[in-house]
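Encoded as structure tokens, the structure appears first; notes follow it.
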Amino acid sequence: MTTDLAHDTLTFERHFPHPPAAVFEAYADIDQRVAWSAPSEDEVVIFESADFTVGGTDRFLCGLKDAPSFAGTTSYHAIIDGETIVFTEHLTNLDDDLMAVSLVTWSVTSDGDGSKLIIVDQVTSVAGRGPIDGSRQGYAAILDQLDRHLGQP
């Protein structure tokens, strides 16, 4: 395991012209989440298991489509239906070396003609700035993917 310790708090805010229930459900429903959770066409998120309940966990692989290089576990600590999700995420390389741990909050509220999603990702990386930069770029990209997904009929 590397010990190049880094910390950051990343905040993302996005308005969607859809009701909060639709934005929340796009995360809660694993089939929908699979459709938008990869940041680009070259990348993939493969859910090995998903349990969107308080105390439940998701296990996934992610990275380039041809060779996913990271494994993750999401553990859900609080879920307020239609409003809030609080989870921790544990990210390793495929050799099971810890890369980063995050405490993440998704908050969805009514906002005029739609909803506002605020994501706060408090990241601790033991592998330098790379995992933090990856989270920053990944969340920015998946919010674009989520917007496209919600706009589909």
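No value in this document is a laboratory result; all are computed from the given coordinates. Note that the structure is a prediction, hence the values are computed from the model and not measured. Note that each Cβ is placed from the backbone with ideal geometry, even for glycine, and that neighbours are counted across all protein chains shown.
So, in Å, what gap is there between the alpha-carbon centers of the range 98-139 and the range 49-85? For the range 98-139 versus the range 49-85, the Cα centre distance is 13 Å.
Quick check: the angle from helix 130-151's long axis to the longest principal axis of the chain, C-alpha only, nearest 10 degrees? Roughly 30 degrees, rounded to the nearest 10. With the simple model of a label 7 Å out from the Cα in the direction of the Cβ, THR92 to THR9 spans 3.0 nm. Basic side chains Lys and Arg get +1 at the Cβ, acidic Asp and Glu get -1 at the Cβ, and with that the dipole of the range 96-140 about its Cα centre reaches some 120 debye.
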